[in-house]
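The values are calculated or read from the model by the stated rules, or taken from the named source; none is laboratory data. Predicted model, so just to flag it, every value in this text is computed and none were measured. In this analysis, Cβ positions are derived from the backbone assuming ideal geometry, glycine residues included, and neighbour counts consider all displayed protein chains. SASA here: full protein model, heavy atoms, side chains in, ligands and nucleic acids out. Shrake-Rupley method; radii C 1.70, N 1.55, O 1.52, S 1.80 Å.
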Amino acid sequence: LCGSDVVRSFTEYTEAGERVWSDEDLHDILTTNGVVAVEREVTGTLDEFIKSDPILRDYATNITIVRPRLFTGISSTIVRSYLRDGRSIRYLVPEGVRSYIYEHELQKLENWQ
């Protein structure tokens with residue numbers, strides 16, 4: 001489960017010209033596991049993006065797109081940003097999620113910084 005921005009990142013390159021995701025990782029994610037992507041408010045639909053990309057087009061049957069009825073603008077990136085800045089996430093996520101994050105000290109993990 002991920003935001004549509006993660007699916008879009010499957011085709012991106014670093015400043016050094018290397019692909020962000022390796023072929024092996026893409027194969028594992030898109031073949032072995034598959035993806036459920038939540039559409040975000042961006043220009044163009046994720047369907048169009050997948051159809052236009054030769055790599056993603058091959059895996060299109062393993063990518064399920066969910067379109068929420070309401071776009072809140074809240075993402076995991078925003079939640080991690082709030083945590084990094086020491087701000088409350090009380091009204092951003094359900095109480096059970098907030099409790100889990102703090103009980104397991106996820107906000108202290110290096111990849112959450």
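Odds and ends about this structure:
- Residues in segment 1-23 that are in contact (Cβ under 8 Å) with a residue 24 or more places away in the chain and not basic (Lys, Arg): Leu1, Cys2, Gly3, Ser4, Asp5, Val6, Val7, Phe10, Thr11.
- Filter result for the condition that a residue is among the charged types (D, E, K, R), open to solvent by 80 Å² or more (accessible area, probe 1.4 Å) and under 19 Å from Leu1 (Cα atoms), over Arg40, Arg98, Arg67, Arg87: Arg67
- When Asp5, Asp25 are checked against the criterion of being more than 14 Å from the chain's Cα centre (by Cα), outside any loop (DSSP other than H, G, I, E, B) and of a type in the set (Asp, Glu), a single residue qualifies: Asp25.
- Boolean, Ser81 is among the small types (Gly, Ala, Ser) and in a helix (DSSP H, G or I): yes
- Number of positions in segment 43-56 that are surrounded by 13 or more Cβ atoms within 10 Å (Cβ to Cβ) and either without any contact (Cβ under 8 Å) to a residue 24 or more places away in the chain or of a type in the set (Asp, Glu) (or both): 3
- For first residues located in segment 24-36 and within 14 Å of Phe10 (Cα to Cα), partners that are part of a helix (DSSP H, G or I) and lie 6+ apart or on another chain with Cβ distances below 6 Å form the pairs Leu30/Asn62; Gly34/Asn62.
- Residue within segment 61-75 that is β-branched (Val, Ile, Thr), part of a helix (DSSP H, G or I) and over 18 Å from the mean Cα position of the chain (by Cα) present: yes
- Residue that is surrounded by the fewest Cβ atoms within 10 Å (Cβ to Cβ), among those in segment 1-37 that are modelled with pLDDT under 90 and of a type in the set (Asp, Glu): Asp23
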